[in-house]
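These notes concern the structure reproduced below.
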Amino acid sequence: MKNYDISAKNSAMSQEATPRGNGGSLVAVKKLLTIMERLTGENPVPENELQALKAEINRLKNEQGKSCTNNKQDRNLSSEAGLLETQRGDALPANGNAQPVKAPEILLHPEMPLAEAIRAILRGGLVHFLRNAVCLAQGDHPEAVHQARVALRRLRSAFTLFSGVLDESALPLREELRWAAGTLGDARNLDVFLDEIAGPVIAALPDHCGLQALAAEVAGRRDRAYVSAGEALRSPRLIALCVNLAAWIEGESRLSEATLLPVKTFAAAILTRRRRKAGKAGRHFRRLEPKARHALRIDLKKLRYASEFFRSLWPGKAAREAALVVSSLQDELGHINDVAVARLLLAGLSAEAPFKNRNNDLTEHAFAAGLIIGWHEREAAERLAAAGKTWKAFLKTSHYWRE
């Protein structure tokens, strides 16, 4: 029999995700990306240029506002507008070579006012997202979808981190970031299921018909989820979020007086609070119930993002070592959570077409699902033991921001 290659995306995905026309017109996003990259550069921006860049952001915002008004019926997930359409400018060459990228380094200095640091962090998050949006608009780039989702989650985390010093004008942006991140979740979850949950079992039992059929069904869903994610990233609603966020970042300050304080003072207090919260959530680590472990993982993620935002303030070895431990612990708990998500996915599949009306398929599906879950349950004790050791290492990590 022909084995199903879970690493390959369905050809339909490439056809749907590839932009129409001459490589796709990406002017609005490319212009916004160019502006934000200039603003995040190491070299200071002269005041006259800064004002010109802000004026261009506002022009893009006004143009997008008119576009959204004229396309209300197409607001949700239009594949014909947004990132792939604009009214003016140059088109991206058909052989565009943009590649998925990780978050850029955020350069802060200890005496920088908090308001300026917030702006730098949000600029970096928007640049991270826009670079991957441009990449995705060129064609089939699953990693760009993943990095775009990471960028949105980091932006949401930043808004949460600074919520105490932001006014109510930030709330609509936070809600739109939540929506945008949600549109990419299914694609990533299905990828994780196929590559990390089902993958090892299929590799060990390559001729098992039930596993092959299950993998093919989930892979089809993954391909459709990636198409939907691509459409979301090309939608008028998404580009409106980008320009509105840029305008908010570069607009008049709507921050409390606390943002006049040096960023290092604020950062030390935040890291202390988040480290304490994670430590409290992980008490009696080995006896934690799944829900409590999940909550701990979220707390660790918030600590990790905060430490990454402020990394340039503490460039020493202690900070790097602490970051590695937090990352390892988050990954270990993340895999345990992925197995829990897989249980829900498999339970949902058994109740849906094409299985629910075909007894033989349902039996094969149930057996294959049992193999997958049983495989990982066998490893659960070992993974928890490994996570327990990493947790002990975490408790010993330096509170470097106090030194």
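Observations
- Of all residues in the range 37-54, those that are under 18 Å from residue 107 (Cα atoms) have Cβ atoms under 6 Å from Cβ atoms of residues that are modelled with pLDDT of 90 or more and of a type in the set (Lys, Arg), 6 or more apart or on another chain, in 39/123; 40/123.
- Pick from the range 85-118, criterion crowded, with 21+ Cβ neighbours inside 10 Å and under 20 Å from residue 59 (Cβ atoms), ranking: modelled with the lowest pLDDT: 86
- Extreme residue, farthest from residue 303 (Cα to Cα), among residues of the range 124-175 that are touching a helix residue (DSSP H, G or I) at 6+ places or on another chain (Cβ under 6 Å) and of a type in the set (S, T, N, Q): 132
- Within the range 230-276, considering residues that are of a type in the set (Lys, Arg) and without any contact (Cβ under 8 Å) to a residue 24 or more places away in the chain, the one nearest to residue 393 (Cα to Cα): 276
- Candidate set: the range 303-322, residues that are touching a helix residue (DSSP H, G or I) at 6+ places or on another chain (Cβ under 8 Å) and surrounded by fewer than 18 Cβ atoms within 10 Å (Cβ to Cβ); chosen: the one nearest to residue 398 (Cα to Cα): 318
- Selected residue (only one of 229, 267, 278, 247 is at pLDDT 90 or above, farther than 25 Å from residue 115 by Cα and open to solvent by less than 20 Å² (accessible area, probe 1.4 Å)): 278
- Any hit, the range 183-199, residues being within 30 Å of residue 364 (Cα to Cα), crowded, with 20+ Cβ neighbours inside 10 Å, in contact (Cβ under 8 Å) with a residue 12 or more places away in the chain and over 21 Å from the mean Cα position of the chain (by Cα): yes
- Residue check for residue 221: modelled with pLDDT of 90 or more, over 25 Å from residue 300 (Cβ atoms), open to solvent by less than 40 Å² (accessible area, probe 1.4 Å) and among the basic types (Lys, Arg): no
- Of the residues making up the range 361-400, just one is assigned to a helix (DSSP H, G or I), under 20 Å from residue 318 (Cβ atoms) and among the β-branched types (Val, Ile, Thr), namely 390.
- Verdict on residue 148 being at pLDDT below 90, in a helix (DSSP H, G or I), under 16 Å from the mean Cα position of the chain (by Cα) and buried (at least 19 other Cβ atoms within 10 Å of the Cβ): no
- For residue 255: the one exception among (1) at pLDDT 95 or above; (2) farther than 30 Å from residue 390 by Cβ; (3) hydrophobic (A, V, I, L, M, F, W, C): (1)
- Contacts under 8 angstrom Cβ, first residue in the range 112-141 being at positive phi, partner aliphatic (A, V, I, L, M), 6 or more apart: 139/17
- Residue 205 surrounded by 17 or more Cβ atoms within 10 Å (Cβ to Cβ) and either more than 19 Å from residue 374 (Cβ to Cβ) or over 19 Å from the mean Cα position of the chain (by Cα) (or both): no
- Checked against (1) buried (at least 18 other Cβ atoms within 10 Å of the Cβ); (2) out of contact with any His (no Cβ under 9 Å at 6 or more places or on another chain); (3) farther than 24 Å from residue 31 by Cβ, residue 164 passes all but condition (1).
- Only residues that are modelled with pLDDT of 90 or more and among the charged types (D, E, K, R) were counted across the range 354-403, and they come to 4.
The values are calculated or read from the model by the stated rules, or taken from the named source; none is laboratory data. None of these values were measured; they are calculated from a predicted model. Don't worry about glycine lacking a Cβ; one is built from the backbone with ideal geometry, like all the others, and counts go over all protein chains shown. Each accessible area value is taken on the protein alone, full model and side chains, heavy atoms only, with ligands, DNA and RNA left out. Shrake-Rupley method; radii C 1.70, N 1.55, O 1.52, S 1.80 Å.
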